[in-house]
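Q: Below is the structure I would like to discuss, written out as structure tokens.
The numbers here are math on the coordinates, done by the rules we state, and not lab data. Here the structure is a predicted model, which is why all the values come from computation and not from measurement. Every residue, glycine among them, receives a Cβ derived from its backbone with ideal geometry; neighbour counts consider all protein chains shown.
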Amino acid sequence: MTLHQELQGITCPLVTPFDPDSGDVDDDAFATLLGHLLEGGIDAVFPCGTTGEFASLSREEHARVVELAVEHVSGRVPVLAGAAATSVHDAVAHTETAAETGADAAVITPPYFHAANAPEGNQRFVERVADRSPLPLLLYNIPVCTGGRLEPETLAAVAAHDNVIGLKDSSGDLEYFLSVMRRTPDDFLTLQGYDALLLPALRMGADGGVNALSNAAPERYAELYDTADGDRGETVQDAIVPLFESCANDGFAPATKAALEYRDVIPSDAVRPPLVEVGEDGRESIASGVDGLLESSR
């Protein structure tokens, strides 16, 4: 099976559990999380993404988290290593480290803080990273964090690069997503990152999803993917929306960790500054959302 085929499903952008006392990455909790996801039917994992608080990790921690994912997954599903950076040099360095640990692909965003002043800037950035990366690249459109989007024309251009395999889109703009699908080749992966749009995207031909809340309920996300064409898919999607709305209010890393703690998958919902843990009202809403999603099972 090719990587393109393996990534047609649900990829989980992993949270990074922290020890609430030391603040260090909790290796044991991370291993438990991976077991929970594999048992739940996840098709691939994505350490060091937005939900994984990659920007709050040291370079050493970043490499270690990817290494732990590769180690515990042990070839059962692909590992897509986060490699977002503001310079070509640093993005390539992340891909090189990920390749050394055995990751299957790397994920990059457009540069943030100094956002591109023209679409050509993002095209140059992607192509220069792709030219030097030892791993295939999945692009990640998240304009709320990068200050601008990867334009459909840019994606159509870089899709011709042998080392660029597809896009995760977390813009929440379905029209944009469909425009990318129309402008790129069939073998360019289109993965929906906005949980509330997962079902409509799949029904319009998306290859899969990369969804934060699949951490908390991998079994429901796997089921939604498998039943997207029928009424059952609609039932699961409807049950996802209330939990997704709670997470949108409280931030995806804090809210997803709160959901995982509620399910007793990880022992703590600790996050790193500038993030803060979800407050009591938010926890109640998340608990209710988790219960509703789990109760949506047959």
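Q: Per q in 0.18 1/Å, what log10 I(q)/I(0) does a Debye calculation on the alpha-carbon atoms of the stretch 163-298 return?
A: Values returned for q = 0.18 Å⁻¹ are -0.97.
Q: Right, next: Check Glu277: other-chain or 5+ apart residues with amide H under 5 Å from its amide H, H built from backbone geometry?
A: Close amide H contacts, sequence-distant or interchain: Val271.
Q: Based on the mean of other beta carbon atoms within 10 Å per residue, what is the order of 75-85, 176-186, most packed first?
A: Top to bottom by mean Cβ count within 10 Å: 75-85, 176-186.
Q: While we're on this one: Take peptides 252-259, 224-231 and line them up by average Cβ neighbours within 10 Å, highest first, as a rough protection proxy.
A: By packing density, highest mean first, the sequence is 252-259, 224-231.
Q: Over the stretch 3-228, what is the relative contact order in percent, taking alpha-carbon pairs closer than 8 angstrom and at least six residues apart? Display every interim value, and only then the final one.
A: Working: 441 pairs, mean separation 46.2, N = 226.
About 20 percent, as a whole number.
Q: Something else about it: Among bridges DSSP assigns within the chain, what percent are antiparallel (round to 5)?
A: 5
Q: Which whole-number percent gives the relative contact order of the stretch 53-134, counting Cα pairs below 8 Å spaced six or more residues apart?
A: Result for the stretch 53-134 is 29 percent.
Q: While we're here: For the chain, what is the calculated [θ] at 222 nm in deg cm²/dmol (nearest 500), taking -39500 (n - 2.57) for each run of four or more DSSP H residues and dividing by its residue count?
A: Only helices count here, giving -14500 deg cm²/dmol.
Q: Under the definition of Cα pairs under 8 Å and six or more residues apart, what whole-number percent is the relative contact order of the stretch 172-281? Don't jump to the answer; show the numbers that get you there.
A: On the way: 115 pairs, mean separation 20.3, N = 110.
Relative CO of the stretch 172-281 lands at 18 percent.
Q: Starting from the amide H of Asn163, placed 1.01 Å from N in the peptide plane, find each other amide H under 5 Å away whose residue is 5 or more places distant or on another chain.
A: Those qualifying (amide H under 5 Å, at least 5 residues apart or on another chain) number zero.
Q: Also, I was wondering about something else. Under 5 Å between amide hydrogens, which residues at least 5 positions from Leu189 or on another chain qualify, with H placed 1.01 Å from N in the peptide plane?
A: Gly166, Leu167
Q: Sticking with this one: Reported to two decimal places, what Rg/Rh ratio describes the stretch 3-228 when computed on Cα atoms with Rh from the Kirkwood expression?
A: Reported Rg/Rh (Cα atoms, Kirkwood Rh): 0.94.
Q: Still on this structure, please answer the following. Can you compute 3J(HN,Hα) from phi for each residue in the stretch 48-59, using the Karplus curve 6.51 cos²θ - 1.76 cosθ + 1.60 with θ = phi - 60°, rounded to whole Hz and x for Gly and Pro?
A: 6, x, 4, 5, x, 6, 4, 6, 9, 9, 6, 4
Q: Between the DSSP loop rule and a limit of at most 16 other Cβ atoms within 10 Å, which chymotrypsin sites (Phe, Trp or Tyr not before Pro) in the stretch 86-138 are left?
A: Tyr112, Phe113
Q: Express in nm, to one decimal, how much length is gained between Val276 and Cys145 on full extension, taking 0.36 nm for each residue of separation and deducting their alpha carbon distance. Kindly include the intermediate steps, with their values, before the conclusion.
A: Working: separation 131, 0.36 × 131 = 47.16 nm, distance 1.75 nm.
Value of the extension gain: 45.4 nm.
Q: Would you mind computing, in nm to one decimal, how far apart the modelled labels at Ala55 and Met204 are, each placed 7 Å from Cα along Cα→Cβ?
A: Here the modelled spin labels are 2.7 nm apart.
Q: In the chain, if the dipole is taken from +1 on Lys/Arg beta carbons and -1 on Asp/Glu beta carbons about the Cα centre, which of Pro17, Val180, Ala93 is farthest to the positive end?
A: Val180
Q: Using the 10 angstrom Cβ neighbour count as an exposure proxy, how do Val276, Val210, Val25 rank, fewest first?
A: Val276, Val25, Val210
Q: Sticking with this one: Could you put Thr95, Thr32, Thr11 in order, starting from the residue whose Cβ has the fewest other Cβ atoms within 10 Å?
A: Thr32, Thr95, Thr11
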